[in-house]
Structures are given as structure tokens and as C-alpha cells.
Amino acid sequence: MENKIKEIRQNAILKIEQATDLKSLEAVKNEFLSRNSEFNNLKKGMKDLSPEQKPVIGALLNKVSSELNSLIEEKNEIFYKKELNEKLLSEKIDITLDGDYIPMGHVHPLTKTIDEIVEIFNLLGFSLIRPEFSPEVEMEKYNFDLLNVPKEHPARDVQDTFYCEDMPNVVLRSQTSNAQARQMMNSKPPIKIISPGRVYRNENVSARKNNLFHQIEGLYVDKNVTMAHLKGVLNEFIRLYFGSSRPTRFRSSFFPFTEPSVEIDVQCIMCKGEGCSICSGTGWLEILGAGMVDPNVLNDVGIDSTVYSGFAFGMGIERLAMLKYAIDDIRLFFNNDIRFLKQF
Ligand code: PHE
């Protein structure tokens, strides 16, 4: 047995010396020290030895086992460092190489405009509506009925609405005013919200009109809200959005859901005079409709119009962006020509 142990030791030391890398060293370790190795089997044979032999052979086995282990450990350390070094050298980054050009993206000019407008109204105390109160695919009830637009009323045609073929009474909303009715039905005054989003109308597409565009609706309902508040808030918005120098005008108007109603125009900064594609040569571009919420609308959603009053407004985002950045064609927002988008 003693000879066998010495033979195995000799053999193992030789193979450890011959090992050239971590992998071959691991193989040697498996061959000589694993559970099923010949060396381990010798340990199992200890029980058949005589009482005199047992301590001698036991001590020898332990000695050889720890000798082989430490030889392997030693070499392991050397190989590990060597291989790590090689890896680090081969993975060295060449900092003199040119990097790949990755162009920086940014938000769409419409998103940027919406963010800007929302921020201004936040400053004025309006908070963003919950999205479920402002759906794009809407029931006629919220887009029209609850906004004091009776069935068969010509006002429904004014906003050339897209109806869903398979679902009666479902429309692509023609105005963000649907948010007014939903908000008022689901909360009690004081209400002070804004609701940005897409709207759809069956328009002839031109430099100033598109089938799809964006609006921001605003609604303020509380006790003692007056036309003076409406004017104050909208003038302040215009001052903050355009800066103080932009001429504007209030004009009386009509909407079924507000009484009295107004529209606000901003001077056309791109005006090419007579035949201007933006303002039709008038020098002014309408940016929003507004007014005092009609008492019928309040009563229909369960708000007592003898106690509460309110104002609402709806502004066209594309137009606001066009007037701020001197963009002379609404279609530019939707073509996504990178040469246009890059300028923002
Ligand atoms: N919804 C109207 C439109 O799209 C604008 C509006 C909103 C007018 C709120 C009055 C009050 O033309």
C-alpha cells in the first residue's frame, strides 16, 4: 500500500508539473483528488489494515493529500494571474479610435409645446386631468349631448365628426371638451383642470388644417367664477407663453356649451399679406375658443348652476406652436421630416 501511495504521488507531481493552464490543472486535480480517484479509494481500504499499519498509512495518506493540494493551489494561483493578465491585455480599449456617431433624439415639437403649456397652467393652479376622463374614442353623449348640443343640431356638423361605422353613437372626439362633461360628472367643485390630447375632424387638409390635431381643454368651476377670471387667466397664459409683446384680441363668438363665448386671436407673425395661407390675409389667427360654462351644462351634470359658475377654454396646440416658432404649414408636424424636427 505504501508503495502504491508513493507511486500515485510521483505520478501526480509529474502531471502537476506538466499542466500548462487552469484547465489542465483542473483535470489533474480531478484525476488524483476527486471522490472517485484511485487515491481516494486507497483511503476507503484503510479499514482492512492491521492496527499497527493504520496510523502509519493514515499519516502518509494525509501528508500526500495535503502536499498535492498545496502544489495544485500554488500552480493554480500562477495560472490564474497569468490568464487574467492575458485577458486584460487582449481587452484593452484603444482610445485613439473614433467612436460611432449616435445622433441625439429629442421630444417632438408638439410634445414640447404641450409640456410648456401644461407647465404654465400648472403655475396658474390647474392640474392635469386623469386620462380616463379624456378618451379619444368617445360616446356622442360626452362629445355633444352633455355639452348642450342637441341631436340633429347643426353644430354637430360644424365639427365634421368621424363616426364609427359599427358602433352607433361612438365618435373620434372632435374636441377635448368631452373632458369637461366627464370631469364634472365625476367630481365636485371646485374643479380646475386642463386636458391635452388629440382630436379628429373630417377637414380638407391644408396649410392651416389637418384631420388630426391637438387641443388643450381647460375648465374652472367654483363659486363666483366670472368672465374677469377667464380673461385674467387667458391673458396671463398668453403673456407667459409668447412673452409680453405679442398683440392679441378677444372677439365675441358662439359655442353651444358656453354663454357668453369668446375667441382669442393672435397676430399672424408669418403674414404674407393678402392671400396669406395661415391667416387668409386677415393678419390674425384664432388660437382658442372659450366662455362661461352654460348653466344647462352645469345642471345636466348635476352641478347647481345657481350656486356655481365656471369658465372653459379649448386651444389649438399646432396653431400655438406655429405662431411661436414661425411654422407656416401645419402638415410639417405630421410628416416627421427629420430636417424639420431637427430644428427644435
Ligand atoms: N371645443 C371648442 C372647439 O373645439 C373650443 C371651446 C372649448 C370653446 C371650451 C369654449 C369652451 O372649437
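The values are calculated or read from the model by the stated rules, or taken from the named source; none is laboratory data. Source: prediction; values computed, not measured. Glycine gets a Cβ as well: all are built from the backbone with ideal geometry, and neighbour counts include every protein chain shown. Ligands, DNA and RNA are stripped out before the accessible areas are found, and what is left, the full protein with its side chains, is counted by its heavy atoms. Shrake-Rupley method; radii C 1.70, N 1.55, O 1.52, S 1.80 Å.
Take S305 and tell me if it is small (G, A, S), surrounded by fewer than 21 Cβ atoms within 10 Å (Cβ to Cβ) and in contact with a Leu (Cβ under 6 Å, 6 or more places away or on another chain).
When the stated conditions are applied, S305 passes them.
Please enumerate the residues belonging to segment 163-180 that are within 16 Å of the ligand (Cβ to nearest atom) and either among the hydroxyl-bearing types (S, T, Y) or modelled with pLDDT under 90 (or both).
Those that are within 16 Å of the ligand (Cβ to nearest atom) and either among the hydroxyl-bearing types (S, T, Y) or modelled with pLDDT under 90 (or both): S174, T176, S177.
How many residues are crowded, with 19+ Cβ neighbours inside 10 Å and in a strand (DSSP E or B) if we restrict to segment 264-274?
Final tally of qualifying residues: 2.
Mind listing just one residue for me: the one in segment 195-205 that is away from the ligand (no atom under 11 Å from the Cβ) and over 16 Å from T161 (Cβ atoms) and, of those, surrounded by the most Cβ atoms within 10 Å (Cβ to Cβ)?
Out of the qualifying residues, it is P196.
If you check V171, V149, which single one turns out to be of a type in the set (V, I, T) and part of a strand (DSSP E or B)?
V171
Does T282 satisfy the condition of being among the hydroxyl-bearing types (S, T, Y) and touching a Phe, Trp or Tyr at 6+ places or on another chain (Cβ under 8 Å)? Even if it seems obvious, please write down each step before you answer.
On the way: among the hydroxyl-bearing types (S, T, Y): yes; touching a Phe, Trp or Tyr at 6+ places or on another chain (Cβ under 8 Å): no.
It is false that T282 is among the hydroxyl-bearing types (S, T, Y) and touching a Phe, Trp or Tyr at 6+ places or on another chain (Cβ under 8 Å).
So N299 passes all but one of these: (1) within 16 Å of the ligand (Cβ to nearest atom); (2) open to solvent by 50 Å² or more (accessible area, probe 1.4 Å). Which condition number does it fail?
Here N299 clears every test but (1).
Just the residues that are within 11 Å of I5 (Cβ to Cβ) and hydroxyl-bearing (S, T, Y), please, taken from segment 42-79.
S65
With (1) within 16 Å of the ligand (Cβ to nearest atom); (2) part of a helix (DSSP H, G or I) as the list, and R251 as the residue in question, which single condition is left unmet?
(2)
Which condition from (1) away from the ligand (no atom under 11 Å from the Cβ); (2) touching a His at 6+ places or on another chain (Cβ under 7 Å) is the one that F311 breaks?
(1)
How many residues are hydrophobic (A, V, I, L, M, F, W, C) and modelled with pLDDT of 95 or more if we restrict to segment 75-118?
Here the count works out to 4.
Quick one: which of K231, K223 is more than 13 Å from the ligand (Cβ to nearest atom), basic (K, R), in the same structural domain as A290 (by TED's automatic domain parsing) and in contact (Cβ under 8 Å) with a residue 24 or more places away in the chain?
Selected residue: K223, the only one of K231, K223 that is more than 13 Å from the ligand (Cβ to nearest atom), basic (K, R), in the same structural domain as A290 (by TED's automatic domain parsing) and in contact (Cβ under 8 Å) with a residue 24 or more places away in the chain.
Considering only residues that are among the β-branched types (V, I, T) and part of a loop (DSSP other than H, G, I, E, B), look in segment 206-241 and name the one that is least open to solvent (accessible area, probe 1.4 Å).
The initial filter retains those residues of segment 206-241 that are among the β-branched types (V, I, T), namely 216, 221, 225-226, 233, 238.
Narrowing further to those that are part of a loop (DSSP other than H, G, I, E, B): 225-226.
Working: V225: 8, T226: 59 Å².
Top of the filtered list is V225.
Condition check ((1) touching a residue at least 40 places away in the same chain (Cβ under 8 Å); (2) surrounded by 13 or more Cβ atoms within 10 Å (Cβ to Cβ); (3) touching a Phe, Trp or Tyr at 6+ places or on another chain (Cβ under 9 Å)) across all residues:
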residue: E91; (1), (2), (3): no, no, no
residue: G99; (1), (2), (3): no, no, no
residue: L110; (1), (2), (3): yes, yes, yes
residue: I120; (1), (2), (3): yes, yes, yes
residue: L123; (1), (2), (3): yes, no, no
residue: N143; (1), (2), (3): no, yes, no
residue: P150; (1), (2), (3): no, no, yes
residue: P168; (1), (2), (3): no, no, no
residue: T176; (1), (2), (3): yes, yes, no
